[in-house]
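Trainee: One structure, pasted below without further comment.
Read-outs throughout are calculated quantities, based only on the coordinates presented, and are distinct from any laboratory measurement. This structure is a prediction, so every number in the text was calculated from the model and none was measured. Don't worry about glycine lacking a Cβ; one is built from the backbone with ideal geometry, like all the others, and counts go over all protein chains shown.
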Amino acid sequence: MKIIKKEILVHAQSTRITQLAILAPDIAKRAMPGQFVVLMTHEEGERIPLTVVSKSEGEGTIGLIFQEVGLTTKLLGMLNVGDSLYALAGPLGHSTKIKNYGKVIIVGGGVGIAEIYPVAQALKNAGNHITTIIGARSKDIFILEEELKGASDELYITTDDGSYGRKGFTTDVLVELLRKDTYNLIYAVGPIPMMKKVSLATGGSGIKTIVSLNALMVDATGMCGCCRVTVAGKTKFSCVDGPEFDGHLVEWEELEKRNTVYLDKEKKACSLVAALNKK
Ligand SMILES: Cc1cc2nc3c(=O)[nH]c(=O)nc-3n(C[C@H](O)[C@H](O)[C@H](O)COP(=O)(O)OP(=O)(O)OC[C@H]3O[C@@H](n4cnc5c(N)ncnc54)[C@H](O)[C@@H]3O)c2cc1C
Ligand code: FES
């Protein structure tokens, strides 16, 4: 659970995205694309889920990429090479079903770009034709562009402000591609509004659309019910039934509401960390 490498990938516009290599030989042996770990930075800390973005069985390490958005990700960002996590569990969740689907579009938004990377690599290695669309607010907060170029046959870039690639959203490119050609699978990870829009865009054509949901999690073992989502009218637990689901069957409005349940407490916790940092 020791941090072996640390690299700040983005530090701009109050966005900080960091990559860590963590010693975890057992997880490195078993982790598959689409799976995640749950970690605690300190004994009294909360548990947060992060995707296993890469692994090296030889070095016994797993790679995590995280954006600082609240208390625990900020505390994680304060740890340095040589420090150890308090707890780490995984790999968790079902892995992505990797096979030759044919023509696949992979969509990643924000830090979701890190989460699509292992899936893009595995689907490419399985012989799929990969078209990747990645989007961020602006040029200086992009991650893994070169890596995704290597894992894709075609790569499209969008920024909200037009500072890089095409001005607009990932879904604008998706809609255009769907008009011109037929695809067998769409895979999307990013903010909930993006995954919802992707699912709406493909709903009419019925193309298989997989999304990896970022529901709030506590224990991540199916015990607490915190991560429950409604899929095809049935209650599912994201941690053990997911995190991937058919985007056409997810009740998005409910997920949006549930993910803001602790917003007040999260804001309070964040201001405490900010105050600690100033001291
Ligand atoms: C299966 C899974 C895999 C994930 N993989 C990654 C990853 O590889 N890299 C990464 O940076 N993040 C990932 N996330 C999101 C990450 O878990 C959250 O950002 C983290 O839990 C926030 O904790 P915090 O204490 O720092 O922030 P909090 O104080 O808990 O929240 C701060 C803000 O972040 C939002 N937030 C909280 N939890 C989540 C969440 N689960 N998803 C999205 N926004 C959230 C809150 O609504 C709030 O606005 C993943 C989530 C899941 C469920
Ligand atoms: S996080 Fe508790 S049931 Fe999924």
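Trainee: Would you look at the GNM of the chain, springs on alpha carbons closer than 10 Å, and say which of L144, L39, L50 moves the most?
Mentor: L144
Trainee: Here's another thing I want to ask about it. Have a look at the DSSP beta bridges in the chain and tell me what percent are antiparallel, nearest 5. Please list the in-between numbers first.
Mentor: Details: 35 of 59 bridges.
Close to 60 percent.
Trainee: Here's another thing I want to ask about it. Compute the acute angle (0 to 90°) between the alpha-carbon long axis of helix 192-203 and the principal axis of greatest extent of the alpha-carbon atoms of the chain; round to the nearest 10°.
Mentor: Helix 192-203 sits at roughly 20 degrees to that axis.
Trainee: As an exercise, take the mean of 1/r over every pair of distinct alpha carbons in the chain, invert it, and state the Kirkwood radius in angstroms. Show your work: numbers first, answer last.
Mentor: Numbers: mean 1/r = 0.0521 Å⁻¹.
About 19.2 Å, per the Kirkwood formula over Cα pairs.
Trainee: Hey, another quick one. Can you give me the long-range amide H partners of Y187? Hydrogens built in the peptide plane at 1.01 Å from N, cutoff under 5 Å, separation of 5 or more residues or another chain.
Mentor: I105, I106, V107, I210
Trainee: Something else about it: Provide the packing ranking of 104-110, 197-203, 230-236, 157-163, i.e. peptides ordered by the mean count of other C-beta atoms within 10 Å per residue, highest first. Walk me through the intermediate numbers first.
Mentor: Numbers: 104-110: 26.4, 197-203: 20.6, 230-236: 13.1, 157-163: 15.7.
Per-residue mean Cβ counts within 10 Å order the peptides as 104-110, 197-203, 157-163, 230-236.
Trainee: If you line up the Cα atoms of segment 28-76 on their principal axes, what length do they span on each, largest first, in Å?
Mentor: So the extents along the principal axes, rounded to whole Å, are 31, 20, 15.
Trainee: From the phi angles alone, apply the Karplus equation (6.51, -1.76, 1.60; θ = phi - 60°) to segment 9-15 and give each ³J(HN,Hα) in whole Hz, x where the residue is Gly or Pro.
Mentor: Running phi through 6.51 cos²θ - 1.76 cosθ + 1.60 with θ = phi - 60° gives 7, 9, 9, 7, 6, 6, 10 Hz.
Trainee: OK, next. Over the chain, with a Gaussian network built from C-alpha contacts below 10 Å, which listed residue (H94, H42, H248) shows the highest mean-square fluctuation?
Mentor: It is H42.
Trainee: Let me ask something else about it. Using θ = phi - 60° and the Karplus curve 6.51 cos²θ - 1.76 cosθ + 1.60, what whole-Hz ³J(HN,Hα) does each residue of segment 31-46 get, with Gly and Pro shown as x?
Mentor: 4, 10, x, x, 8, 9, 10, 10, 10, 10, 7, 9, 4, 9, x, 8
Trainee: Taking amide H positions as placed in the peptide plane 1.01 Å from N, state which residues far from K55 in sequence (5 or more) or on other chains have amide H under 5 Å from it.
Mentor: Sorted by chain and number, the residues that satisfy this are G63.
Trainee: Let me ask something additional. Which whole-number percent is the relative contact order of segment 103-212 (Cα, under 8 Å, 6+ apart)?
Mentor: Details: 212 pairs, mean separation 32.2, N = 110.
29 percent.
Trainee: Ok, one more. So what's segment 130-252 giving for Rg/Rh, alpha carbon basis, Kirkwood Rh from the mean inverse pair distance? Present the calculation step by step, with values, prior to reporting the outcome.
Mentor: Values: Rg = 15.6 Å, Rh = 15.6 Å.
When Rh is taken as the Kirkwood radius, the ratio is 1.00.
Trainee: Follow-up question, since we're still on this one. Please compute the Cα-Cα pair-distance distribution of segment 3-92 with 5 Å bins starting at 0, giving whole percents from short to long.
Mentor: The calculated distribution, bin by bin, is 3, 15, 26, 28, 18, 8, 2, 0.
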